[in-house]
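As structure tokens, the structure follows; a few thoughts come after it.
The values are calculated or read from the model by the stated rules, or taken from the named source; none is laboratory data. Since the structure is predicted, the reported quantities are computational estimates derived from the model, not experimental observations. No Cβ is skipped: glycine too gets one built from the backbone with ideal geometry, and neighbour counts run over all protein chains shown.
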Amino acid sequence: MHGLGDNLHQRAIVRQLMETHEVWLETSWAALYHDLVAEGLHLVRKSVQLRTQMKNQLRESGRFGPPPPRTLDQPAITLHYSGHNVARQPNRTILEAMLGAANMNLSYDRADFRLPIPPEWSLKLFEITKTWNIGKPLLVYRPLVVRPEWRGNEKRNADADAYAQLFASIRDRFFVVSVADLEPGREWVVGPQLKDADVTFHKGELYFELLAALFNQAAMVYTSSGFATLLAQATCTANVSVIGLYERGDHHAAGAKYAPTLCIEPANPCSCQQSFCPRRCSKTIDMPVALTALKKFVDDLGVPDVPARSVAEMFDPPIVDPRNRAMHPRQVLNRFQPPGERA
């Protein structure tokens, strides 16, 4: 699996396989498996041309080892899932579909992708946060972003105006840290732009270990599905995921037993899991119901209530940058690869 969220789910599969097998794992995310490496997991660098994965592979290059010996008498396992396979599972979760793809009679009930945070990760984060004047519970905010190397993320994003309105209703109850890894033409924020986060990291300053430690220390994560939902669950942190199209909230229900989780879906949810689905489903959310559910969720966390400001006070209008335009994934790869390495 390439994605950070899928790799988090994958932890549960690798953990069970290691009980009876010696395991070599192709991945771009070495630190994510730090505890399993300590128990004998072998990591192999996965060939990939995706921007974030390539950046992380370069940073962690020393943590990868050789592939398994050619004499190994075991078939390779390729993990995958589709919307059809997810819909066929008893609980309709992605993790169940991935367990089935492994074809190794693995247990969903025992599947555990929680991620322990080493003290050294927290200490590195403390060097950054020690100067912050945090007077409220800390919230990690994920802006809505588009990256053209995967078309599905634009479809998966929540309705941008609803996303801003919902967040505005709770923003002043928290100390807000906004995190992203933006680059013109390759990944950018869409919809209303949050202008008053208490701290902003939008240039990929927080590599995985720091990001995981931040999620672990946060009181809540606010996101639109994606890896942030799973990282919050893996670090046992309360999370709100505002869903767009592409998937249902219950697709990530496997981790809800680890952390309070609220999924706000469109009035007519979509679960096609198809990046190029031709149907024009609606992302429209029943806002009165969603606002009530969000307020109750935050109240139940014990976060003090405060009067909410308007969306206009917190958000600027969308930014139009000519460098940010939809491209076919192959065009993206060609645009940012040296001529001799173009696809």
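So which of THR20, THR78 ends up being loosely packed, with under 12 Cβ neighbours inside 10 Å and under 30 Å from ARG248 (Cα atoms)?
THR78 is the lone residue from the list that is loosely packed, with under 12 Cβ neighbours inside 10 Å and under 30 Å from ARG248 (Cα atoms).
Here's a check for you: in the range 153-212, which residue that is aromatic (Phe, Trp, Tyr) and not in a helix (DSSP H, G or I) is surrounded by the fewest Cβ atoms within 10 Å (Cβ to Cβ)?
Going through the qualifying residues, I end up with TYR207.
If I ask for residues that are under 18 Å from the mean Cα position of the chain (by Cα) and not in a loop (DSSP other than H, G, I, E, B), which ones from the range 98-117 would you list? Lay out the reasoning, then the answer.
Keep residues of the range 98-117 that are under 18 Å from the mean Cα position of the chain (by Cα), which gives 98, 112-117.
Matches in the range 98-117: MET98 only.
I'd like the full set of residues that are in a loop (DSSP other than H, G, I, E, B) and surrounded by 10 or more Cβ atoms within 10 Å (Cβ to Cβ), limited to the range 83-93. Break it down stepwise before answering.
We begin by selecting, within the range 83-93, every residue in a loop (DSSP other than H, G, I, E, B); these are 88-93.
Within the range 83-93, ARG88, GLN89, ASN91, ARG92, THR93 meet the criteria.
Out of LEU32, LEU36, I need the residue that is surrounded by 15 or more Cβ atoms within 10 Å (Cβ to Cβ), in contact (Cβ under 8 Å) with a residue 24 or more places away in the chain, outside any strand (DSSP E or B) and under 20 Å from the mean Cα position of the chain (by Cα). Which one? Talk me through it step by step, then tell me what you get.
Working: LEU36 fails: under 20 Å from the mean Cα position of the chain (by Cα).
Only one candidate qualifies: LEU32.
When residues of the range 1-50 are filtered for being closer than 21 Å to GLU120 by Cα and touching an Asp or Glu at 6+ places or on another chain (Cβ under 6 Å), how many remain?
Counting residues in the range 1-50 that are closer than 21 Å to GLU120 by Cα and touching an Asp or Glu at 6+ places or on another chain (Cβ under 6 Å) gives 2.
Go through (1) part of a loop (DSSP other than H, G, I, E, B); (2) farther than 17 Å from PHE227 by Cα and name the single condition HIS80 misses.
Going through (1) part of a loop (DSSP other than H, G, I, E, B); (2) farther than 17 Å from PHE227 by Cα one by one, HIS80 breaks only (2).
Yes/no per residue for (1) modelled with pLDDT of 95 or more; (2) under 28 Å from CYS236 (Cβ atoms); (3) among the aliphatic types (A, V, I, L, M):
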| position | (1), (2), (3) |
| --- | --- |
| VAL86 | no, yes, yes |
| ARG142 | yes, yes, no |
| GLU149 | no, no, no |
| ASP159 | yes, no, no |
| TYR163 | yes, yes, no |
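Pick out the one residue from ALA256, ALA267 that is more than 18 Å from SER82 (Cα to Cα), assigned by TED's automatic domain parsing to the domain that holds THR223, touching a strand residue (DSSP E or B) at 6+ places or on another chain (Cβ under 9 Å) and among the small types (Gly, Ala, Ser).
Values: ALA267 fails: touching a strand residue (DSSP E or B) at 6+ places or on another chain (Cβ under 9 Å).
Among ALA256, ALA267, only ALA256 is more than 18 Å from SER82 (Cα to Cα), assigned by TED's automatic domain parsing to the domain that holds THR223, touching a strand residue (DSSP E or B) at 6+ places or on another chain (Cβ under 9 Å) and among the small types (Gly, Ala, Ser).
For SER225, are the conditions met, namely being closer than 27 Å to SER310 by Cβ and buried (at least 22 other Cβ atoms within 10 Å of the Cβ)?
Details: closer than 27 Å to SER310 by Cβ: yes; buried (at least 22 other Cβ atoms within 10 Å of the Cβ): yes.
Against the criterion (closer than 27 Å to SER310 by Cβ and buried (at least 22 other Cβ atoms within 10 Å of the Cβ)), SER225 qualifies.
Just checking, how many residues over the range 120-134 are surrounded by 10 or more Cβ atoms within 10 Å (Cβ to Cβ) and out of contact with any strand residue (DSSP E or B) (no Cβ under 6 Å at 6 or more places or on another chain)? Step through it out loud before you land on a result.
Taking the range 120-134 as the starting set, the residues that turn out to be surrounded by 10 or more Cβ atoms within 10 Å (Cβ to Cβ) are 120-126, 128-129, 132, 134.
With the extra rule that they be out of contact with any strand residue (DSSP E or B) (no Cβ under 6 Å at 6 or more places or on another chain), the set shrinks to 120-126, 128-129, 132.
Qualifying residue count, the range 120-134: 10.
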